[in-house]
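**Student:** Before I ask anything, let me first share the structure, which is written out below as structure tokens.
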Amino acid sequence: MATLMKLKLEEDGIAHLILDNPDERVNTLSAVFVEEFLEILGRIEKDGRIKGLILESTKPGVFVAGADIKWLKTLKTPEECKTFAKSAHVPFNRLEDLKMHTIAAINGVCLGGGLELAMACKWRVAMDHMSVQIGLPEVKLGVLPGGGGTQRLPALVGIQNALQLACAGKSVKPPEALNLGVIDAVLPAQGFADEVKTFLMQKMRSGADYKRPWSAGDYRYGINDDEKNPETRKKIFDVARQTTLKQTKGHVRSPMKIIDAVETGAEKGFRSGLETEQAVFAEVLCSPEARGLVDLFLMRNEMTKVYGSSDRSIKPADVKKVGILGAGLMGSGIAHSVIASGRKAVMKDVSDDALKRGIQSIRGILTQDVQKGRMTESKMEETMSLLTPTLDYDAFGDVDMVIEAVFENMDLKHTAIKEVEKYIPEQCVFASNTSSLAITELAKASGRAECFLGMHYFSPVNRMPLLEIIKGAKTSENTVVTAVAVAHATKKLPIVVNDCYGFYTTRAVGAYLVEALRCLNDGADVKTIDEVIVEYGFPVGPITLLDEVGHDVGAHVTTIMTQAYPERFSDELTKVTVADGRLGRKNGRGFYKYEEGKKKGVDETVYSLFASRVDGKLTKEEIEERIIMYLLNEVGFCMGENIVTNVVDAEMGMIFGIGFPPFRGGPLHAIDEIGADRVVDAMGKLESKWGSRFKAAPYLVSVAKEKRKLVG
């Protein structure tokens, strides 16, 4: 087995603990890492020749990226989590207790357990390089620092700074880390190793104490009088809890537990704080939201490896130039993603005004990147030079891919397909950016159905990472592999699904929206429906979502879904507001009132439009059950029909496509957490009360009978 670290001793008594996992791109903390680390610490403790220790990494741009997430995932029972929590402090405490000066040479990413390792050293210095990130991002995985981070960070930077960093999972660059006190110096990248040793030697010669002030156990955190005053300190923690509760809505407990651990250390001392951290770490590690967020992290990594075929001998076509039909919101967004990847884009529309608006939109996105320091102005102009706006097809003769983004209408898209295929190369991949129309039906207008597929982008394209790739009945694997490669190249997260009307994401969100409107028609009010779903964990409620998407768009797509799945969908209620001229935010009239584009509360007059609306009241529990169960059931239909074929695509499609709560891990995780048998039972009761549309998906019935989990 390859070693993950080695110890090198120089003649002057300076030892180098060199971190380098030869089998991985980055260094991470794992069971093997800890075992080797403790063995080397034992050697250091016994070797009287060692006067100082430098912890360093040979990985370019990486010190230690945190804990091995797959290792954390192996901990399934509360007992395993408690055992792990008890052992987590041991290596860090022993490093801190070494009777010598120690320094962490941070040359790149230093996150989570990596920062906890660095904080256990007497000194920390960082390379002056853009790759360096320093922080404790554990809350993003639903957990908290478990290696002393909740105690050493406030001891170094103060209570308020520590809470702001750890509770938000924020990472910082070296200048800010130095200003906060997380590190002791920022050293030049050129000759970094020599600079680190010089820094350490200076500290050793100066007579600086290598002991930490909190080692005695009675140290009290605080970098100013307010933090050291018991009364004002209590207010600091009270405000932190109020702010955290407002941000998390109580869905993720780890930020609150961080506050508990920091407060214990501040009130009772370092050792007591470590004990509290140990206890709450074990509790949180086994929580449902931690399991969901850890799986989310792993699934997102899996999406970066999606290939589009099980046959890796199939290679993607080299896409250097993309033709885009339409310069509207979606077309210009797609064009931006193409040129931002360094590829040429030809953007066609039917009028100069439309092209000008599209160009302006693209330049606006790039200008924001310049303003935020992500791009130079010269790079922006270089990127814009890759775009060719056009009113004709003359520049389409050498495109490698066409992405059609015209209005969501079968006849209109058929016309566009037939027209552009007169000008493009024979092997050119043709993708339709449709959210609901069946790809197999669209491909009937094409003379090259094997090169035809769907690429469903989400709006706004520059901010939404998901790309739903849809295989038609005749789509070749070469075409799918090429589309997936383009997705990766343009920094999208691809899911590959099979064809039907609405595919996966639109069917699911359609079911969700339709049932929300049925709840409204059955007596629930707009505000309560939105509040219930936000409390469940969605970023916005379904009624607000409809206002944002546009009632006309919602009604149009729902009509398509109703024609395809009349037993579960109905466009009757989605047409009501459109008939009254309400389109949502875009025309200032929807379920909510708008003044100068800002939402100003529910428009109470909207209720009178629903002639069949009953006067009864639904409880919050009934609203949540109806909407969420209806959504989960539609996911069940999609799984059973093999539209979505694996757990990763099912979960990530909902989280990144419609805003399903990340801490719940996705709809399949949610079904597992409830229990498939209980989901089926709930659907049966809803069917008895509200009708046959709630009939449980056969797939879920089968899962319940087999008593199996959907997620491994």
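The values are calculated or read from the model by the stated rules, or taken from the named source; none is laboratory data. Quick caveat, the model's predicted, so the values are computed rather than measured. Backbone-built Cβ (ideal geometry, glycine too); neighbour counts: all protein chains shown.
**Student:** Does Lys527 fit the bill of being closer than 18 Å to Arg613 by Cα, surrounded by fewer than 17 Cβ atoms within 10 Å (Cβ to Cβ) and modelled with pLDDT of 95 or more?
**Tutor:** It is true that Lys527 is closer than 18 Å to Arg613 by Cα, surrounded by fewer than 17 Cβ atoms within 10 Å (Cβ to Cβ) and modelled with pLDDT of 95 or more.
**Student:** Can you name the residue in region 392-419 that is in contact with a strand residue (DSSP E or B) (Cβ under 9 Å, 6 or more places away or on another chain) and in a loop (DSSP other than H, G, I, E, B) and, of all such residues, is surrounded by the most Cβ atoms within 10 Å (Cβ to Cβ)?
**Tutor:** Of everything passing the filter in region 392-419, Ala405 is surrounded by the most Cβ atoms within 10 Å (Cβ to Cβ).
**Student:** Inside region 436-471, can you point out the residues that are touching a helix residue (DSSP H, G or I) at 6+ places or on another chain (Cβ under 7 Å), assigned to a helix (DSSP H, G or I) and surrounded by fewer than 23 Cβ atoms within 10 Å (Cβ to Cβ)?
**Tutor:** Those that are touching a helix residue (DSSP H, G or I) at 6+ places or on another chain (Cβ under 7 Å), assigned to a helix (DSSP H, G or I) and surrounded by fewer than 23 Cβ atoms within 10 Å (Cβ to Cβ): Glu441, Ala445, Ala449, Glu450.
**Student:** Could you check how many residues of region 310-323 are surrounded by 16 or more Cβ atoms within 10 Å (Cβ to Cβ) and under 28 Å from the mean Cα position of the chain (by Cα)?
**Tutor:** 3
**Student:** Here are Val509, Val578: which of them is farther than 17 Å from Glu625 by Cβ and under 27 Å from the mean Cα position of the chain (by Cα)? Explain how you work it out, then say what you get.
**Tutor:** On the way: Val578 fails: under 27 Å from the mean Cα position of the chain (by Cα).
None of the other options fit; the residue is Val509.
**Student:** Of the residues that make up region 203-221, is at least one crowded, with 20+ Cβ neighbours inside 10 Å and either without any contact (Cβ under 8 Å) to a residue 12 or more places away in the chain or in contact with a Pro (Cβ under 8 Å, 6 or more places away or on another chain) (or both)?
**Tutor:** Within region 203-221, one or more residues are crowded, with 20+ Cβ neighbours inside 10 Å and either without any contact (Cβ under 8 Å) to a residue 12 or more places away in the chain or in contact with a Pro (Cβ under 8 Å, 6 or more places away or on another chain) (or both).
**Student:** Which count do you get for residues in region 439-460 that are touching an Asp or Glu at 6+ places or on another chain (Cβ under 6 Å) and of a type in the set (A, V, I, L, M, F, W, C)?
**Tutor:** 1
One line per residue, one yes/no per condition, for (1) over 23 Å from Val406 (Cα atoms); (2) loosely packed, with under 12 Cβ neighbours inside 10 Å; (3) in contact with a His (Cβ under 8 Å, 6 or more places away or on another chain):
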site: His336; (1), (2), (3): no, no, no
site: Arg343; (1), (2), (3): no, no, no
site: Asp349; (1), (2), (3): no, no, no
site: Asp352; (1), (2), (3): no, yes, no
site: Leu355; (1), (2), (3): no, no, no
site: Ser361; (1), (2), (3): no, no, yes
site: Gly364; (1), (2), (3): no, no, no
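**Student:** Okay, moving on. Hey, does region 609-618 have a residue that's modelled with pLDDT of 95 or more, out of contact with any His (no Cβ under 9 Å at 6 or more places or on another chain) and not hydrophobic (A, V, I, L, M, F, W, C)?
**Tutor:** No, that holds for no residue.
**Student:** Find the helices (runs of 4 or more DSSP H) located wholly in region 311-391 whose residues include 3 or more that are within 19 Å of Pro460 (Cα to Cα), and list them.
**Tutor:** Numbers: elements: 329-340, 352-371, 377-384.
By residue number, 329-340, 352-371.
**Student:** Do we find a residue being farther than 25 Å from Ile103 by Cβ and either touching a Cys at 6+ places or on another chain (Cβ under 7 Å) or among the acidic types (Asp, Glu) (or both) anywhere in region 44-64?
**Tutor:** No: region 44-64 contains no residue that is farther than 25 Å from Ile103 by Cβ and either touching a Cys at 6+ places or on another chain (Cβ under 7 Å) or among the acidic types (Asp, Glu) (or both).
**Student:** Let me ask another. Could you figure out which of (1) closer than 23 Å to Thr505 by Cα; (2) surrounded by fewer than 20 Cβ atoms within 10 Å (Cβ to Cβ) isn't true of Phe430?
**Tutor:** (2)
**Student:** Here is a follow-up. Return the only residue of Leu156, Leu136 being surrounded by fewer than 24 Cβ atoms within 10 Å (Cβ to Cβ) and among the aliphatic types (A, V, I, L, M).
**Tutor:** The conditions single out Leu156.
**Student:** Something else now. Which residues, taken from region 1-43, are in a loop (DSSP other than H, G, I, E, B), in contact with a Pro (Cβ under 9 Å, 6 or more places away or on another chain) and surrounded by fewer than 18 Cβ atoms within 10 Å (Cβ to Cβ)?
**Tutor:** Once the filter is applied, which keeps residues that are in a loop (DSSP other than H, G, I, E, B), in contact with a Pro (Cβ under 9 Å, 6 or more places away or on another chain) and surrounded by fewer than 18 Cβ atoms within 10 Å (Cβ to Cβ), region 1-43 yields Ala2, Thr3.
**Student:** Related question: For region 244-264, which residues satisfy the criterion of being in contact (Cβ under 8 Å) with a residue 24 or more places away in the chain and either out of contact with any helix residue (DSSP H, G or I) (no Cβ under 8 Å at 6 or more places or on another chain) or under 21 Å from Leu136 (Cβ atoms) (or both)?
**Tutor:** Residues satisfying the conditions are Thr244, His251, Val252, Arg253, Ser254, Pro255, Lys257, Ile258, Ile259, Ala261, Val262, Glu263.
**Student:** Which of the residues belonging to region 66-104 are over 30 Å from the mean Cα position of the chain (by Cα) and in a loop (DSSP other than H, G, I, E, B)?
**Tutor:** Listed by number, the residues that qualify are Asp97, Leu98, Lys99, Met100.
**Student:** Still on this model: Taking Thr248 as the residue in question, decide whether it is modelled with pLDDT under 95 and among the hydroxyl-bearing types (Ser, Thr, Tyr).
**Tutor:** Judged against the criteria, Thr248 is a match.
**Student:** I would also like to ask the following. How many residues are of a type in the set (Gly, Ala, Ser), touching a residue at least 40 places away in the same chain (Cβ under 8 Å) and either in contact with a strand residue (DSSP E or B) (Cβ under 8 Å, 6 or more places away or on another chain) or surrounded by fewer than 23 Cβ atoms within 10 Å (Cβ to Cβ) (or both) if we restrict to region 530-555?
**Tutor:** 1
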